[in-house]
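One structure is given below, encoded as structure tokens.
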Amino acid sequence: MTDRIPLKRALISVSDKAGLVDFARALADRGVDLLSTGGTAQSLRDAGLAVRDVADLTGFPEMMDGRVKTLHPKVHGGLLSLRDKADHVAAMDEHGIEAIDLLVVNLYPFEATVAKGAAYADCVENIDIGGPAMIRAAAKNHGFVATIVDVEDYAALLAELDAQDGATTLAFRQRMAQAAYARTAAYDAAVSGWMAGAIGEETPRRRAFAGTLAQSLRYGENPHQAAAFYTDGSNRPGVATARQWQGKELSYNNINDTDAAFELVAEFDRSTPAVAIIKHANPCGVALGASFAEAYGRAFDCDRTSAFGGIIALNGTLDEATARAITEIFTEVVIAPDATDAAREVFAAKKNLRLLTTGGLPDPRAGGLTFRQVAGGFLVQGRDNGHVAREALQVVTRRQPSDAELEDLMFAWTVAKHVKSNAIVYAKDRATVGIGAGQMSRVDSTRIGRRKSEDMAEALGLTAPLTEGAAVASDAFFPFADGIEALAAAGARAVIQPGGSMRDAEVIAAADRLGLPLTVVTTGTRRLERALEDLLQ
């Protein structure tokens, strides 16, 4: 392969016209001949640039609503020809094929069309054919052709030409070829993913995912792991869409925990201030309040020790009073839809605290996919967008929960969705008072939540832990009565669980014996385990 290739002729065909005229003029000023198509050619002519239509090159007009314009040997021959092979050069001479040294293409806006909720036919029309074909051809022939697919790389190409006296180096062309193939792969992933959803194919034979680099990270979950953050183009409000106002760059663990915190607070109606404090992707305190300052204080009082160095999320605008309360301890990240100027001024004195604002909240009921890698493949599932209404609850014990107890049960159930299983959440007056997470035994989670509450009671000078009189949510059924007995020993007043154990009758009997109302979710909702069976069968 030849290292330096002088740039003499460029083919430019772009949907995104940002920076187009200045870029093309810079090429023309460097003596590059410009070829183009349709709207791109017109934009260049309107700017006073000399440009030749691809139709003049091929001898064929654009046809079939523009579907056929670049699929021609004179285009692909110019992109694919090996200029150091005699038979390729002879074929070019025989058929009047001109070498193309640079291809600049960005594709039809398929992803944006889908994001707007366009009709099926409109989405199909925005599937680019000629663009990906040219990109793949030019990238394959990177020994001779440079390929630019992102507006962000215009400046890099011009800098390369300046540094190389009007030529491109093989190293540069290789980098651009890799970016080009990544772009076509992402495009095809978007098309195939959309089509699977459009035709109701939940488990297609092949599934592709793609992302765009948002940030190279210092390291991953541990210091010896390389890591990066990629966005998927979905624009779901959260870390990927947030503006960072201050503080050092986010780490891998920061991003993971911040996402968990923001998804949790989004579960609650924005009319009621909600605050979640997260540590290692698990909540250590969640509360609602009349104000964000009150909600934060109540969330903080669930587990003050774990809150140190945590992530805090709000479901509304961060205000000055709440910001001042947050700065009383070390906090890694605060994320909210917005923040007042006064709140940002409070945080400005805390250089290590990162403040993120997103402009909105993610929709907890929206669909989508989540995936994780395992050895030899990856697991894909629908986003956990389940929502349980009171009508979906069934009380299976003699004692009925009060309205206040039901409210706390619903609150605890919502939080439990975001706690690693086995999950136990104690709640009182719409605030968590004890959380047990990630244990192999549900009874252990029950005991940990109780112990956390006992420790906080001692720290706060209370005469009894707040688990006394609390409502409790379990993310899956109690397989034995010992879990209910442990909750009763902690002073719980009501319990919500999915049910579905072979020993449900034993569990219900224990709840009756202990005077605990046991409420069961009857919608088939489970958190990580098998679907609910009808308790009455």
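When a/c reaches 1.5 or more, the comparison of a/b and b/c decides; with that in mind, is region 281-436 rounded, prolate or oblate per its Cα gyration tensor? It is oblate, given that a/c is not under 1.5 and a/b is not larger than b/c.
Radius of gyration (Cα atoms) of region 1-113, expressed as a multiple of 2.2 N^0.38 Å: 1.11.
With Cβ to Cβ distances under 12 Å as the rule, what net charge do the other residues near R399 carry (K, R +1; D, E -1)?
Surrounding charge for R399 is +1.
Taking each of K279/K420; K279/K417; K69/K140; K17/K74; K85/K140; K279/K452 in turn, the alpha-carbon distance tops 19 angstrom for K69/K140; K17/K74.
With Cα atoms as the point set, the radius of gyration and Dmax of the chain evaluate to 29.8, 96 Å.
In summary, the lysines within cross-link reach of K350, defined as a Cα separation below 19 angstrom excluding same-chain residues under 8 places away, comprise K248.
Database remark: amide H of Q246 closer than 5 angstrom to the amide H of L355 (H placed geometrically; neighbours at sequence offset of 5 or more, or on other chains; Pro and chain starts carry no H). Taking every protein chain into account, the 1.4 Å probe leaves I329 with about 40 Å² of accessible area, to the nearest ten. Based on DSSP H segments of at least four residues, each scored -39500 (n - 2.57), the chain has a per-residue ellipticity at 222 nm of -11000 deg cm²/dmol. In order along region 200-212, phi translates into HN-Hα couplings of x, 8, 6, 10, x, 4, 10, 10, 10, 10, 8, x, 10 Hz, rounded to whole numbers, per the Karplus curve 6.51 cos²θ - 1.76 cosθ + 1.60 with θ = phi - 60° and x for Gly and Pro.
For region 1-124, averaging the sequence separation of C-alpha pairs within contact (under 8 Å, six or more residues apart) and dividing by the residue count gives a relative contact order of 29 percent. In order along region 353-360, phi translates into HN-Hα couplings of 8, 9, 10, 10, 10, 10, x, x Hz, rounded to whole numbers, per the Karplus curve 6.51 cos²θ - 1.76 cosθ + 1.60 with θ = phi - 60° and x for Gly and Pro. Close amide H partners of V395, meaning residues 5 or more places away or on another chain with modelled amide H under 5 Å apart, are V520.
Considering only V395, N352, G377, and ranking their Cα positions along the charge dipole of region 318-432 that arises from unit charges at the beta-carbon of Lys, Arg, Asp and Glu, the one farthest toward the positive end is G377.
Considering only beta bridges that DSSP places wholly inside the chain, some 55 percent are antiparallel.
Which shape class applies to region 118-229: rounded if a/c is under 1.5, otherwise prolate when a/b exceeds b/c and oblate if not, where a ≥ b ≥ c are the square roots of the Cα gyration tensor eigenvalues? Write out the running numbers ahead of the final one.
Working: a/c = 2.57, a/b = 1.34, b/c = 1.92.
The shape class here is oblate.
Report for region 228-384 the percent antiparallel among DSSP-assigned beta bridges with both residues inside it, nearest 5. Percent antiparallel among DSSP bridges in region 228-384 is about 65. Distances between placed amide hydrogens fall under 5 Å for L35 paired with A10, L11, I12, R52, all partners being 5 or more residues away or on another chain.
With unit charges on the beta carbon (Lys/Arg positive, Asp/Glu negative), name the residue among N254, A287, C302 whose Cα is farthest towards the positive pole of the charge dipole of region 244-346. The residue sitting most towards the positive pole is C302.
Report the one residue of A133, G166, T147 whose Cα lies farthest in the direction of the positive end of the charge dipole of region 113-178 (charges on C-beta: Lys and Arg +1, Asp and Glu -1; origin at the Cα centre). So the residue we want is A133. Put M176, M502 in order of accessible area, highest first, and with a 1.4 Å probe you get M502, M176.
What the Cα convex hull of region 340-414 gives, in volume per residue, is 237 Å³.
Please tell me the relative contact order of the chain in percent, rounded to the nearest whole number, where contacts are Cα pairs under 8 Å and at least six residues apart. It would help to have the intermediate numbers written out before the result.
Numbers: 1075 pairs, mean separation 44.5, N = 537.
Computed value for the chain: 8 percent relative contact order.
Element breakdown for the chain at a 1.4 angstrom probe: carbon and sulfur atoms account for 50% of the accessible area.
DSSP assigns beta bridges within region 396-531; of those with both partners inside it, close to 55 percent run antiparallel.
Counting Lys +1, Arg +1, Asp -1, Glu -1, what net charge surrounds P109 among other residues with beta carbon under 10 Å of its beta carbon? Could you put the intermediate results ahead of the total?
Values: positive: K116; negative: D16, E111, D128.
Result for the local shell: -2.
Measuring with a 1.4 angstrom probe and ignoring ligands and nucleic acids, H224 comes out at about 150 Å² accessible.
Based on C-alpha pairs under 8 angstrom that are at least 6 apart in sequence, region 64-188 has a relative contact order of 26 percent. All other residues whose Cβ lies under 12 angstrom from that of F308 are scored, Lys and Arg at +1 and Asp and Glu at -1, for a net of -1.
3J(HN,Hα) couplings calculated from phi for region 140-152 with the Karplus curve 6.51 cos²θ - 1.76 cosθ + 1.60 (θ = phi - 60°) are, in sequence order, 4, 8, 5, x, 10, 10, 8, 10, 10, 10, 10, 3, 4 Hz; Gly and Pro show x. Solvent exposure of the chain amounts to 47 Å² per residue of accessible area, where only protein heavy atoms count and the probe is 1.4 Å.
The values are calculated or read from the model by the stated rules, or taken from the named source; none is laboratory data. A quick note: this is a predicted structure, and the numbers were derived from the prediction, not measured. A quick note on method: Cβ atoms are made from the backbone with ideal geometry, for glycine too, and the neighbour counts reach across all protein chains shown. Please note that ligands, DNA and RNA were not included when accessible areas were found on the heavy atoms of the full protein model with its side chains. Shrake-Rupley method; radii C 1.70, N 1.55, O 1.52, S 1.80 Å.
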